[in-house]
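The values are calculated or read from the model by the stated rules, or taken from the named source; none is laboratory data. Predicted, not measured: the structure shown is a model, and the values here were computed from it. Heads up, the Cβs are rebuilt from the backbone with ideal geometry, glycines too, and the neighbour counts pull from every protein chain shown. Quick note on the areas: whole protein, heavy atoms, side chains included, nothing else; ligands and nucleic acids left out. Shrake-Rupley method; radii C 1.70, N 1.55, O 1.52, S 1.80 Å.
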Amino acid sequence: MTRRGELPPGLARWASTPGGEAFCAALRRRIANGDGLDRKMKLPLTSRERADLVDLFGTKSLSGPYVHLDRMNQVLLDGAYALPLRQLLIGVDGPLLTKRGQARYRRIVKKHRIHQARTTLAERITEVPELEKELALLTALTDPSSWLPPENSTAATRTWATYNAALSAAAEWFQGQARQWKFAERELAVRALGGSKKWTQPAKNAFSNVIGLPFDQAVYTADTGIRMLGPANWRLDSLVADAAAARPFVDVPGKAAATLGTLDVPAVGVLLIENQETFQALSRTSVPEQWLCIWMEGYASEALVMFLTRLPDIPVTAWGDLDPPGIDIIAKLSAKSGRTITPIGMTPELYAAGYMLEEEDEALTAWREQAETLAVTAPAEFRPLARAIADNNGYRCEQEGLHELVLPHLHDHLRSVLA
């Protein structure tokens with residue numbers, strides 16, 4: 001008898017033939033569904049696959065579209081390999097599990113992972129006096145199959161991932177405080193969360209709850225440059241940046257410009273641009289003479305959100321890619337900043353006239369589904385575009401391909417917003 005998980009070389013070679021692969025896969029599914037080996041099994045086969053089965057089990061084990069499992073099992077036991085069919089399957093692809101066995105296995109694995117996660121977190125916070133109460137709550141958890149964190153944790157979250165991140169970061173932060181060291185945002189994430197980009201907003205909020213300080217006071221947060229062109233200047237003790245005089249643009253630290261010194265924006269409105277080439281194309285037009293043009297850099301950064309909230313009460317517009325991410329970026333900016341943002345150059349008509357990206361069917365399906373959602377949830381002005389994308393099977397259109405159609409008429413589009 002061969003050991004579990006191993007097969008004789010000849011039988012291993014047979015299992016890799018087309019017929020062997022088809023038979024083993026079908027029989028594994030049958031056993032997983034709770035069926036036995038005492039009855040025949042329907043198994044459509046090509047002539048090549050059928051020949052492979054005849055080579056091992058003989059012609060009497062097959063009849064029409066059926067294979068007789070009891071006969072096959074006996075042939076294998078009586079033959080040179082002296083193995084039952086179940087041992088063949090185990091040797092090919094590991095342990096066999098029925099549906100009931102699979103469910104039990106998943107429960108065992110889940111409990112093990114929960115136990116490991118709790119133990120690891122407990123070890124991390126054990127030597128931190130400030131987290132003594134949190135440790136007591138954690139070790140008092142009794143349900144071995146629940147991912148829910150303690151109800152009375154100051155993290156104030158019911159999500160384990162958020163709770164784990166908050167407590168892990170708090171432990172590292174308190175230890176830094178004891179050394180009189182103040183962490184930077186990403187520095188703390190690297191040391192406590194396993195990567196500089198692992199912070200989520202819920203984790204930041206829960207971390208602040210645990211340590212009792214606002215996030216931006218607890219750690220150094222990096223500012224993000226905002227690239228702009230048009231009527232705006234920023235002064236501290238003296239002039240720091242004049243976006244009206246800059247060609248092709250000027251960068252200012254967004255958070256600093258939003259919170260320090262004097263920000264003067266005499267523009268008639270703001271035009272947000274998603275992509276850099278389109279943003280720089282505006283420097284070749286007269287639009288920046290009246291409109292403050294800002295590069296979004298492809299995402300709704302916290303610095304840009306803060307900057308938008310500081311601007312005077314003037315219209316805010318945006319021209320982005322005509323695709324679900326383009327709509328989503330602007331929608332997030334609007335929601336976070338509390339500013340109404342009007343789309344420019346993002347109509348169903350322009351979308352239809354644009355150049356569609358060539359993408360695989362799987363990607364198109366994902367974009368279509370996201371567009372279907374945005375057609376219901378996005379700000380009202382963006383829903384017609386989202387509907388057009390969904391109706392066109394999710395195809396995406398980048399704004400760079402529309403320069404010739406939009407730039408010559410950009411003044412007209414912007415005047416309509418002012419009107």
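Points worth noting:
- Taking all protein chains together and a 1.4 Å probe, the residues 216, 264 rank 216, 264 from largest to smallest accessible area.
- Local net charge near residue 189, Cβ-Cβ under 9 Å (Lys/Arg +1, Asp/Glu -1): +2
- Ordering of 85-92, 175-182 by packing [mean C-beta count within 10 Å, highest first]: 85-92, 175-182
- Scanning the chain for GluC sites (Glu not before Pro) that sit in a DSSP loop and have at most 15 other Cβ atoms within 10 Å, the longest stretch containing none of them is 152-357.
- Maximal additional length on extending the residue 86-residue 136 stretch stands at 13.2 nm, based on 0.36 nm per residue less the C-alpha distance.
- Taking the Cα centre of the chain as reference, the dipole from Cβ charges on Lys and Arg (+1) and Asp and Glu (-1) amounts to some 2460 debye.
- Degrees separating the helix 99-125 axis from the principal Cα axis of the chain, which is the longest one: 50 degrees
- Structural descriptor for the chain: relative contact order 8 percent, calculated from alpha carbon pairs under 8 angstrom and at least 6 residues apart.
- Computed E for residue 283/residue 352 - FRET, C-beta separation, R0 35 angstrom, nearest 0.05: 0.75
- 1.4 Å probe accessible area per residue over the chain, in Å²: 52 Å²
- Comparing mean-square fluctuations of 153, 208, 63 from a GNM of the chain with C-alpha springs under 10 Å, the top value falls on 63.
- With every protein chain in place, the chain: carbon and sulfur % of accessible area (1.4 Å): 50 percent
- Anchor residue 40: aspartates and glutamates whose Cα lies under 20 Å away (excluding residues fewer than 8 positions away in-chain): 21, 49, 52, 55, 70, 78
- Within segment 160-308: Cβ-based charge dipole about Cα centre, in debye rounded to nearest 20 (Lys, Arg +1; Asp, Glu -1): 440 debye
- Reachable lysines, given that their alpha-carbon falls under 23 Å from the alpha-carbon of residue 42 and they are not under 8 places away in the same chain: 60, 99
- Between 0 and 90 degrees, the angle of helix 160-178 with respect to the longest Cα principal axis of the chain falls at about 60 degrees.
- Net charge in the neighbourhood of residue 204 (other residues with Cβ under 10 Å of its Cβ; Lys, Arg +1, Asp, Glu -1) is -2.
- Simple rule: put +1 on each Lys or Arg Cβ and -1 on each Asp or Glu Cβ in segment 366-419, find the dipole, and look at 411, 394, 376; the Cα lying farthest toward the positive end is 376.
- Separation of alpha-carbon centers, segment 396-419 and segment 168-195, rounded to whole Å: 46 Å
- Each other residue within a Cβ distance under 12 Å of residue 171 adds +1 if Lys or Arg and -1 if Asp or Glu, for a net charge of -4.
- Placing unit charges on the Cβ atoms only, positive for Lys and Arg and negative for Asp and Glu, gives segment 311-405 a dipole magnitude near 600 debye about its Cα centre.
- Projecting the Cα atoms of 309, 220, 56 onto the charge dipole of the chain, computed from C-beta unit charges around the Cα centre, puts 56 farthest toward the positive end.
- Maximal additional length on extending the residue 247-residue 35 stretch stands at 68.9 nm, based on 0.36 nm per residue less the C-alpha distance.
- Taking 21 Å as the straight-line reach from the Cα of residue 198, the lysines in range (excluding those fewer than 8 positions away in the same chain) are 182, 332, 336.
- Which labelled figure in (1) 94, 63, 34; (2) 69, 48, 42; (3) 123, 68, 38 is Cα extents along the principal axes in Å, once derived from the coordinates: (1)
- Solvent accessible area, Å² - residue 417, 1.4 Å probe, full protein context: 40 Å²
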